[in-house]
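Below is one structure, written out as structure tokens, with a few remarks after it.
The values are calculated or read from the model by the stated rules, or taken from the named source; none is laboratory data. None of the values given here were measured: they were computed from a predicted structure. Neighbour counts run over all protein chains shown; Cβ positions are idealised from the backbone, glycine included. Ligands, DNA and RNA are stripped out before the accessible areas are found, and what is left, the full protein with its side chains, is counted by its heavy atoms. Shrake-Rupley method; radii C 1.70, N 1.55, O 1.52, S 1.80 Å.
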Amino acid sequence: MTAKSTSTQPVWQALQQRIDVPVATAFGCIIALLLVGSFYSPNFLSPEYLLLQLKVGAFLGVIATGMMLVILLGQIDLSVPWAVSLGAMMASAATAYGPLGEFLAIPFGVLCGVTLGLVNGIGVAYLRIPSMIITLAVNAVAQGLMVAYTGGFAPVDSASSAMRFLAAGTTLGVPNAVIVWAITGAAAVFMLKRTTFGRAIYGIGNRESAAYLSGIPTQRVVMLTFALCGGLAAFGGVLLAGYGGKAAQSMGDAYLLPAIAAVVLGGTSILGGRGNYLGTVAGVILITLLQSILSVMQMAEFGRQIIFGVIIIAMLLLYGREAVSR
């Protein structure tokens with residue numbers, strides 16, 4: 001009996017190495033949600049509705065890509081809400097300056113988010129301020145600056161034609177927002193798997209002191225990772241402005257908890273150093289479907305926030321136990 005169990009143990013370990021359990025669990029939950037949703041609406045499983053959900057999830061997917069990079073470091077970015085709003089509002093404001101403003105609207109909005117991320121990165125990497133504190137403070141500063149800029153009202157500037165095309169247009173029947181998310185995800189996978197910078201992110205997340213002793217410029221990597229997170233959050237805001245036709249105050253507030261929940265649901269350790277992008281894709285789809293079902297059930301916004309918070313707490317408890325066991 002013992003000999004048999006011992007012989008099967010390497011097989012089970014090999015299966016665990018080949019199958020990413022959190023990712024498989026996330027995809028299993030997606031199938032379960034699709035079945036549950038079909039009971040509430042017969043159109044829930046139609047190709048048109050599923051494609052619409054992918055389009056809606058693409059905005060969260062772009063934002064969650066940057067959040068995943070920061071979480072892989074073992075850090076957190078709480079400035080995402082106003083990085084999203086900053087990118088959307090600045091890109092929309094640029095369109096008021098004629099053809100040149102239309103052309104520069106998207107890069108200008110993304111650059112504003114990168115600048116916000118650089119401030120976060122400098123605070124975390126060089127000033128050694130906890131990421132939760134500095135990003136929350138930067139979020140408040142960005143909010144104050146935007147309220148001062150707009151006078152407390154939604155800006156009257158409209159999205160550029162390029163922003164509308166990327167967010168609301170289609171190519172060969174596929175929403176452009178989904179294509180943009182796919183390109184963003186492919187670039188993130190290439191960076192994490194094929195570049196020294198990506199491997200450095202994993203190394204810092206596992207143990208920053210060991211990464212530093214191995215020759216990795218940890219401060220620079222942390223700073224640039226936060227800049228990427230800010231840029232991707234702002235790009236998500238640019239897409240949202242293009243989808244809605246204009247920017248709006250606090251349009252990013254609804255994306256903080258879902259972005260974190262999508263990343264941790266996909267198996268990325270909130271403690272850093274472990275995770276893959278396929279899991280984040282599964283987490284984004286799962287969160288999008290969950291939001292759709294909650295909307296059909298007419299659950300209030302506070303109920304959705306409670307659910308996302310419970311998910312994050314549960315994953316924190318799970319990863320905390322794994323860290324202690326290791």
Please compute, for the alpha-carbon atoms of the chain, the extent along each of the three principal axes and give them in descending order in Å.
78, 56, 37
Karplus couplings for segment 172-181 from phi (6.51 cos²θ - 1.76 cosθ + 1.60, θ = phi - 60°), rounded to Hz, Gly and Pro as x?
6, x, 9, x, 4, 4, 5, 5, 4, 4
Please compute, for the alpha-carbon atoms of segment 21-90, the extent along each of the three principal axes and give them in descending order in Å.
40, 35, 16
Nearest-20 debye value, the chain charge dipole, Cβ charges on Lys, Arg, Asp, Glu
840 debye
Dipole axis of the chain (+1 Lys, Arg; -1 Asp, Glu on Cβ), positive-most option in L294, V238, I129
I129
Residue-ordered couplings for segment 110-125, obtained by feeding phi - 60° into the Karplus form 6.51 cos²θ - 1.76 cosθ + 1.60 and rounding to whole Hz (Gly and Pro as x), are 5, 4, 5, x, 4, 4, 4, x, 4, 4, 4, x, 5, x, 6, 7
Per-residue ellipticity at 222 nm attributable to helices in the chain (runs of n ≥ 4 DSSP H, -39500 (n - 2.57) apiece, nearest 500 deg cm²/dmol) works out to -26000 deg cm²/dmol
Plugging the Cβ-Cβ distance of S295 and T171 into 1/(1 + (r/R0)^6) at R0 = 41 Å yields, to the nearest 0.05, a FRET efficiency of 0.90
Accessible area per residue for the chain in Å², computed with a 1.4 Å probe and the full protein assembly in place, what is it?
48 Å²
Return the distance in nm (one decimal) between the two label points of a simple spin-label model at L100 and S38, each offset 7 Å from Cα along Cα→Cβ.
5.7 nm
Can you tell me how much longer the chain between T115 and M132 gets when fully stretched, taken as 0.36 nm per residue apart minus their C-alpha distance, in nm with one decimal?
4.3 nm
Run the dipole for segment 146-231 about the Cα centre, Lys and Arg Cβ at +1, Asp and Glu Cβ at -1, nothing else charged, and hand back the magnitude in debye, nearest 20.
340 debye
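How big is D for segment 26-181, in µm² s⁻¹ as a whole number, if Stokes-Einstein is applied with the Kirkwood radius of its Cα pairs at 37 °C and 0.692 mPa s?
Values: Rh = 17.9 Å.
It diffuses with D of about 184 µm²/s by this estimate.
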